[in-house]
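Student: The structure is given below, and queries will be raised subsequently.
Read-outs: derived from the displayed coordinates by stated rules, not from any lab. No experiment lies behind these values; they were computed from the predicted model shown. So basically every Cβ, Gly included, is an ideal-geometry build from the backbone, and we count neighbours across all protein chains shown.
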Amino acid sequence: MLVSCREPAARFWMEAPPCGPLRASAGGISPTVTRGHGRNSHEHQPQSAHRKRLILTRRVDRPIADPNDAKVTLWNPARAPFEDAAASAGVRQGKVCPIGGTTVFDMFLDRYDTFFLSQAPDVRLPGGIPVFSGVPQTSPQDILRRHGLVPQAPKVLDAEKNVSMVAWQRL
């Protein structure tokens with residue numbers, strides 16, 4: 001599914017964590033046109049400073065350039081649609097990778113092309129933050145399914161520790 005923006009030439013591919021398989025090299029996360037995340041989420045890979053980012057915040061009324069970072073556009077989703085934020089960031093097409101936080105993940109549920117759900121079912125994080133609103137009452141899998149995503153074959157990340165990742169895709 002490609003998400004059309006107001007301008008007919010604008011096309012975005014929505015993919016959420018880890019935005020393609022993580023590479024073992026120092027390059028970190030695979031390349032994207034832009035990332036969307038909350039102001040408390042940060043990227044610390046070598047290429048982070050070269051990537052455009054949309055920082056979700058309630059502190060602005062309209063998408064504006066961050067005065068401290070030319071690669072950052074500040075965006076309040078309650079005041080402006082994603083398309084306005086993308087246009088303000090100078091992004092007309094490509095892969096958008098929302099990262100960081102329940103609110104951010106919830107916001108894009110109906111727009112994801114692919115969502116990578118990693119799980120370690122034997123691990124419990126007291127006071128942890130759920131990936132989506134409604135977890136744990138509803139499983140993340142049921143939420144993704146309810147939003148039109150279909151699971152692909154699981155990839156085992158660590159068999160000994162029972163850690164796996166499933167790409168959920170919109171068909």
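Student: Can you list the residues, at least 5 places off or on another chain, whose amide H is less than 5 Å from the amide H of residue 66, using H built in the peptide plane?
Tutor: HN-HN under 5 Å from residue 66: 72, 73, 74.
Student: Here's a follow-up. Between residue 120 and residue 150, what is the spin-label point distance in nm, taking each point 7 Å from the Cα along the Cα→C-beta axis?
Tutor: In this crude spin-label approximation the distance works out to 3.2 nm.
Student: Also: Taking the beta-carbon count within 10 Å as an exposure proxy, list 171, 117 from fewest neighbours to most.
Tutor: Ascending Cβ contact count within 10 Å gives the list 171, 117.
Student: Kindly identify segment 108-164 as rounded, prolate or oblate by the Cα gyration tensor criterion: order the square roots of the eigenvalues as a ≥ b ≥ c, call it rounded if a/c is under 1.5, otherwise compare a/b with b/c, prolate if a/b is larger, else oblate.
Tutor: oblate
Student: If amide hydrogens are placed 1.01 Å from N in the peptide plane, which non-local residues have theirs closer than 5 Å to the one on residue 116?
Tutor: Here the answer is 16, 19, 168, since their amide H atoms fall under 5 Å of that of residue 116.
Student: Give the long-range amide H neighbours of residue 163: residues separated by 5 or more places, or on another chain, with amide H under 5 Å away, using H modelled in the peptide plane at 1.01 Å from N.
Tutor: 157, 158
Student: Neighbouring Cβ atoms within 10 Å as the yardstick, rank 83, 160 fewest first.
Tutor: Arranged by neighbour count, lowest to highest, 83, 160 become 160, 83.
Student: Remind me, relative contact order of segment 62-155 in percent, using alpha carbon pairs under 8 angstrom and six or more residues apart?
Tutor: On the way: 60 pairs, mean separation 18.3, N = 94.
Answer for segment 62-155 is 20 percent.
Student: In Å, what Kirkwood hydrodynamic radius results for segment 76-171 from the alpha-carbon pair distances?
Tutor: For segment 76-171, the Kirkwood estimate is 15.1 Å.
Student: Okay, next question. Could the peptides 102-115, 58-71, 85-98 be put in order, highest first, of the mean number of other beta-carbon atoms found within 10 Å of their residues?
Tutor: Answer by packing, highest mean first, reads 85-98, 102-115, 58-71.
Student: Fully extended, how many nm does the chain gain between residue 133 and residue 61 (0.36 nm per residue separation, minus their Cα-Cα distance)?
Tutor: My answer for the length gained is 23.5 nm.
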